[in-house]
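Comments concern the structure below.
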Amino acid sequence: MEPNQKRRVVILGAGGRDFHNFNVAFRGRGEVEVLAFTATQIPGIENRTYPAVLAGAGYPQGIPIIPEESLPEFLKTHPADEAIFAYSDVSHEYVMQKGSWILSLGLDYRLMGPASTQIPSRKPVVAVLASRTGSGKSQTTRAVCRRLREAGLKVVAVRHPMPYGDLAKQDVQRFAEVADLARHQCTVEEMEEYEPHIVSGTIIYAGVDYEAILRQAEKEADVVVFDGGNNDMSFYKPDLQIVVLDPLRPGHELTWHPGHTNLLSADVVVINKIDSASLEQINEVRRNVAQHAPRAQVVEAASPISVEGWEKIRGKKVLVVEDGPTLTHGGMTIGAGVVAAMKYGAAEIIDPRPWLVGRMAETFRKYPKIGRLLPAMGYGEEQLRDLEATIRQVPCDLVIIGTPIDFRRIVKLDKDSVRVSYELEEIGEPTLGTILEGFVQRVRR
């Protein structure tokens, strides 16, 4: 690189961590030029522009967001020096496969860690993270918020980004009532994460610019709870880091990025699903925690289901609709809906694959291991329409909804349905409550 020449960077992302890394580490830096973001994992987030109003000085046209697979062609006309890997819930092997690909294109390859990407807060921060998508982080976060509120603290949650719409309008979003979800034109995935907080009485922020979000949240919070996405690291420097592990996928806490990092730096580990995992699976996770995170306090928990109208399930042919990301890049083949179907005696779980419509068929081509479940994919109107059309075509008696929100509000069903809900239930000692008591005492000093 010539003296005084800008270092040219490409950021590999999925519409979240990539934008955060840029905002914190590159925006306003004259010695670096970010040529493009790439996009993967989430459908329909490529071929957009990170807007100039967010990119800042030096980017009057914004920054292009291109499909990850088009990077080699892009580099022919936009030569770069470095590519930064900035998305989550991928195996260690995947991370280095991407690294090898980037190196073959002639670029340096880099991961960015907490030192350059975590923002310090003026208020205490509890970060709730996970080893994998679908570990039970959402119900753990709700339990943490509830216990902090019960202790008399004002709690504001900040959710990991899911900016799939107009990025300029999504820089800072505040959700205090369900009507705010429509006002901000949230996707189904966003609603699944935000609505449970709102219903339980927690104000929640999200968006694109996480320093601006934090400064607003601090004005109305005694404690900020960072509600992580996928298995990503915290965007804020935590005073207490809680990491949820999934014994149904034992060993993944050591082999998936950046969930392994989360475990190694955990203050508290929650081993969830001990009611559904085998003793062998649970013990493997226990051993891994003892060896790799020996200073962490360990909480064991279950996420028992409840179904209003459970008696409808017995003897019926059912279609099970589960949380989308848990089935896709989360890789799970069982969720709350399947548990309900088995527990309450469904005659058969109908495989939806012969009746998939449009974008739903695309999802199964990309993630063929989903199997006989239907992911609640709702990143846009077209996907919602295709989800609705697929459900209409599946010949079943009943739809079991295993998603975090009741999507019957936004998808019209022509079949009877029941919804599964679940909350965290701690088993034995210590509990999150006892651990948070010490944290609350420190906050009040």
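The values are calculated or read from the model by the stated rules, or taken from the named source; none is laboratory data. Note that the structure is predicted; figures quoted are calculated from it, not measured. For neighbour counting, all protein chains shown are included, and Cβ atoms are generated from backbone atoms with ideal geometry for every residue, glycine included. For accessibility, only protein heavy atoms count, side chains too; no ligands or nucleic acids. Shrake-Rupley method; radii C 1.70, N 1.55, O 1.52, S 1.80 Å.
General observations
- Of all the listed residues (17, 27), the sole one being charged (D, E, K, R) and touching a Gly at 6+ places or on another chain (Cβ under 7 Å) is 27.
- Subset of the stretch 154-198 [more than 21 Å from residue 130 (Cβ to Cβ), more than 19 Å from the chain's Cα centre (by Cα) and not basic (Lys, Arg)]: 166, 168, 176, 177, 178, 179, 180, 182
- Where residue 13 falls short, out of the listed (1) under 16 Å from residue 112 (Cα atoms); (2) under 23 Å from the mean Cα position of the chain (by Cα); (3) of a type outside the set (A, V, I, L, M); (4) open to solvent by 20 Å² or more (accessible area, probe 1.4 Å): (4)
- Residues that are in a helix (DSSP H, G or I), touching a strand residue (DSSP E or B) at 6+ places or on another chain (Cβ under 7 Å) and not hydrophobic (A, V, I, L, M, F, W, C), drawn from the stretch 152-174: 170
- Within the stretch 86-137, the set of residues being within 12 Å of residue 257 (Cα to Cα), of a type in the set (Phe, Trp, Tyr) and surrounded by fewer than 24 Cβ atoms within 10 Å (Cβ to Cβ) comprises 94 only.
- Residues of the stretch 192-213 that are open to solvent by 10 Å² or more (accessible area, probe 1.4 Å), touching a strand residue (DSSP E or B) at 6+ places or on another chain (Cβ under 8 Å) and part of a helix (DSSP H, G or I): 193, 198, 211, 212.
- Qualifying residue in the stretch 184-191 (condition: open to solvent by 20 Å² or more (accessible area, probe 1.4 Å) and in a loop (DSSP other than H, G, I, E, B)): yes
- Residue selected from the stretch 413-430 under the condition open to solvent by 70 Å² or more (accessible area, probe 1.4 Å) and assigned to a loop (DSSP other than H, G, I, E, B), by the criterion nearest to residue 147 (Cα to Cα): 423
- Conditions (1) assigned to a loop (DSSP other than H, G, I, E, B); (2) more than 27 Å from residue 308 (Cβ to Cβ); (3) not acidic (Asp, Glu): number failed by residue 438: (1)
- Residue 366 passes every criterion in (1) open to solvent by 60 Å² or more (accessible area, probe 1.4 Å); (2) under 22 Å from residue 181 (Cβ atoms) apart from (2).
- Filtered residues of the stretch 152-172 (kept if out of contact with any Gly (no Cβ under 7 Å at 6 or more places or on another chain) and either at pLDDT below 90 or among the acidic types (Asp, Glu) (or both)): 165, 166
For every residue, the table says whether it meets (1) open to solvent by 20 Å² or more (accessible area, probe 1.4 Å); (2) in contact with a helix residue (DSSP H, G or I) (Cβ under 7 Å, 6 or more places away or on another chain); (3) β-branched (Val, Ile, Thr).
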site	(1), (2), (3)
220	yes, no, no
225	no, yes, yes
231	no, yes, no
236	no, yes, no
241	no, no, no
245	no, yes, no
253	no, yes, no
260	yes, yes, no
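- Selection count where residues are under 21 Å from residue 151 (Cβ atoms), assigned to a helix (DSSP H, G or I) and among the hydrophobic types (A, V, I, L, M, F, W, C), scope the stretch 214-231: 1
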